[in-house]
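Here's the structure, in structure tokens; my notes come after.
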Amino acid sequence: MFPTNHKTIFVLDHTPYFGISSDFPIEFDVSKSRGPGYVPLPPVCKSLWTCSVEAAVEYCRIVWDLFPEGKLIRFVVSDSAAHLLNTWTEAQQNLTHILNGLCLVGPVRRGAGGDVVGLCAAIEALGEPSPNQSSRPTTERLFQNRGRIICITSARDDDSIRSLAEIALNALVQQNKKLSMVPPTTSADATANTQSLVVHYCHLVIVNVTPEKIETRVNNQPLTEMGGGLMGVEVIVSRASALANLLGRLVLPHYKLATTTVTGIPMKEEQNASSSANYDVEIIHSLEAHAGLRAAQTAAEALESVVLRWWTPRGAEGGASGCSGPLWRVTPADVASRPSACLVNFLLNGRSVTLEVPRKGGGRSASHVLAAQGGELWIGALGGRTPYDDPPALSEGAGGRITDYRIKEFGSVMQQNKLLPLRGAGANGRARARLQRHTTYWPLTISSTIIFNLGPVVEPLSRLVVQETLSEAEVEACRGVLLSLLGMESRHESPAAPLPSNVRVKWCGRREDQWRQVWGELEALVRAHAASPAHRALLRTLLEQNRDNNIKKKLNIIQCSGESRASVIRATTDSPLSPVGAGGGAAGSSAGAGDVWAPRNALEALLGAPRPPRRPDFAGRMAAGNRIATLYSTFARCRSTALVFYM
């Protein structure tokens, strides 16, 4: 209900040590050419106190820009006493109130003090309920009161850091012990007791800051649980110049945020308004906006910025209203840079822009949209493909880079097998049976079939055979196609049709082999749709014509070469080692559909069914079943008998 980032407290060390220089020079006078004799101003260095204040304020700016409500931050300045700059009320959760309080605190002064008193005050502040927590009825106050303390200090070594963490843990334990005493009996005491809550968990982040030229003996320490899970301590060492970037990165895991780098932003130069240059701007938003881009990202990838390219399609309607998905607030990572200011002004003027995912192979894919509504910047994820996306290429799919897919034919199959809500019993079964008939024999590629490349030669048959029923006239038209193919084969014409140059043909070979494949494909096609009496009559006609055709071929072979030569050819074509479709096994026999071998079709690709075997299995393996087959068992018995006879 109330996560750890619901309440965050900054403890800033205001001791005299933070008044020293950061040893990181900044050029104050940027203009180097002011005439001869001009002495440029020397560079300046910020103090450790200035660096810590700027980093903490930048952390708050990001949080309050993205979370106007629900995420509360307090400031405690620690020197000789603890100075509380604000409370948990919403009216004091803004940068103006914090900066005014820091002005009242003033610069670092000489005197004693430390960060211990500030840590104790921060732990007491965690026990104070927030407005959302205090609005809960007393009977519903079973929530976990958790919070985070970010202490910016400077210690000598790891022992000092460990001592500081132990002091904070003891203060937390003592405070919880006082609050868990016997509940008060009077109503006045009960009202006073509701002003404090038990702290169930505290995430203490100690940031050890050092100048540039001073070595430190403090080491980074990962999150370590203390007090039986009551407090988690994390130690981070940083130079003063890198403190702002450090807190800008810490805010990402603390509030589940992510960054996006918008690249390729066209901006006109001030010196030359006629030319433009491309700039990059980094923006911060919720981590959920990257859910579609990084479905399984690691913790290291979550900290990296996602690069999206600036793209405004022509004729596109701007505005976040065009995004049907959720929207998330956006804030620039570097609000003071000129490209960030230009981007913010561009969006606040009512313009919007589409962001696309860069692709190495070309093409466009819009993923997000940037726009402004109500004076705030928003980013929205475009769910699915947009009208501006290029259609996906077939070569990028699971089928690999195959360029001869039967795309138009596949579209026709989809149109013929639309699933519609039908009433009556067996509607689902009829639709499934129709889809199975249309996909039982349906080659996926152009190079794996011949009959579908012949065009007008087989057009009536390929168009009519897929129907539910056939009339007498349609059956006669299909028989005419078969007779035409027989005439072409008798005239020794080649059935191969010319194909595009980029298609690699798999069925090229002798003319006789091509005709065997034609009859095998025709039988597979007609047999797949042989559900009505007319289809079965057409199948019988096809089988009879193939049988008569094969008999004529064998008689011609006998007349030309004699009976002995014909027997050799017959034995060769009937052999299991003969090519696919040879002899009468593929198209000339009246065997079942399982004896017809055809190229892999759409149904097999969809169901993942294996190809039918081209050759029968080994007889010894089939006879052995689940046992190990013994090879040359007869030869072994003959050898043992011969040895006995010899002895």
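The values are calculated or read from the model by the stated rules, or taken from the named source; none is laboratory data. Note that the coordinates shown come from a computational prediction; the quantities given were computed from them, not determined experimentally. For neighbour counting, all protein chains shown are included, and Cβ atoms are generated from backbone atoms with ideal geometry for every residue, glycine included. Keep in mind that these areas ignore ligands, DNA and RNA; they rest on the heavy atoms of the full protein, side chains included. Shrake-Rupley method; radii C 1.70, N 1.55, O 1.52, S 1.80 Å.
Observations on the structure shown:
- Area of Trp328 that stays accessible when all protein chains are in place (1.4 Å probe, Å², to 10): 30 Å²
- For segment 1-117, the solvent-accessible area with a 1.4 angstrom probe is 49 square angstrom per residue.
- From the alpha carbon centroid of segment 36-50 to that of segment 68-131 is 31 Å.
- Loop-resident sites, segment 445-496, for trypsin sites (Lys or Arg not before Pro), counting at most 10 other Cβ within 10 Å (DSSP): Arg491
- Ala427/Leu483 FRET efficiency (R0 56 Å; Cβ-Cβ; nearest 0.05): 0.90
- Computed on protein heavy atoms with a 1.4 Å probe, the accessible areas place Asp65, Asp79 in the order Asp65, Asp79, largest first.
- Gap separating the Cα centres of segment 510-537 and segment 220-252, nearest whole Å: 74 Å
- Its Cα centre serving as origin, segment 412-480 has a Cβ charge dipole (Lys and Arg +1, Asp and Glu -1) of approximately 440 debye.
- Ser365 paired with Leu41, simple spin-label distance in nm, labels 7 Å along Cα-to-beta-carbon: 5.1 nm
- Counting 0.36 nm for each residue step from Arg217 to Glu512 and taking away their Cα separation leaves a gain of 97.4 nm.
- Trypsin sites (Lys or Arg not before Pro) lying in DSSP loop within segment 413-455, provided at most 12 other Cβ fall within 10 Å: Lys418, Arg423
- Accessible area (Å², 1.4 Å probe, nearest 10) - Ser490: 80 Å²
- Shape summary: segment 1-142 maps onto an equivalent ellipsoid whose semi-axes, from the alpha-carbon gyration tensor, are 38, 19, 11 Å in decreasing order.
- Label zone at Ser135 (point 7 Å along Cα-to-Cβ), backbone N below 17 Å, segment 92-106: 92-93
- Length released on extending from Glu459 to Leu142, taking residue separation times 0.36 nm less the Cα-Cα span: 106.5 nm
- Charge dipole of segment 4-106 (Cα centre as origin; +1 on each Lys and Arg Cβ, -1 on each Asp and Glu Cβ, all else neutral): 80 debye, rounded to the nearest 20.
- For the peptides 20-29, 49-58, the ranking by mean Cβ contacts within 10 Å, running from highest to lowest, is 49-58, 20-29.
- Neighbour-limited loop hits for GluC sites (Glu not before Pro), segment 221-269 (at most 12 other Cβ within 10 Å; DSSP other than H, G, I, E, B): Glu269
- Surface listing: Ser130, Ser484, Ser365, Ser180 arranged by accessible area from highest to lowest gives Ser180, Ser484, Ser365, Ser130, probe 1.4 Å.
- When the surface is traced with a 1.4 Å probe over the full set of protein chains, Val335 keeps roughly 70 Å² accessible.
- Two-site FRET efficiency, Ala619 against Leu179, from Cβ-Cβ distance with R₀ of 56 Å, rounded to 0.05: 0.05
- All other residues whose Cβ lies under 12 angstrom from that of Val76 are scored, Lys and Arg at +1 and Asp and Glu at -1, for a net of -3.
- Carbon/sulfur fraction of accessible area - segment 402-458, other protein chains in place, 1.4 Å, %: 62 percent
- Accessible surface, 1.4 Å probe, highest first, among residues Lys71, Lys178: Lys178, Lys71
- Added length on full extension, which subtracts the Cα-Cα distance from 0.36 nm per residue, Arg110 to Asn94: 2.8 nm
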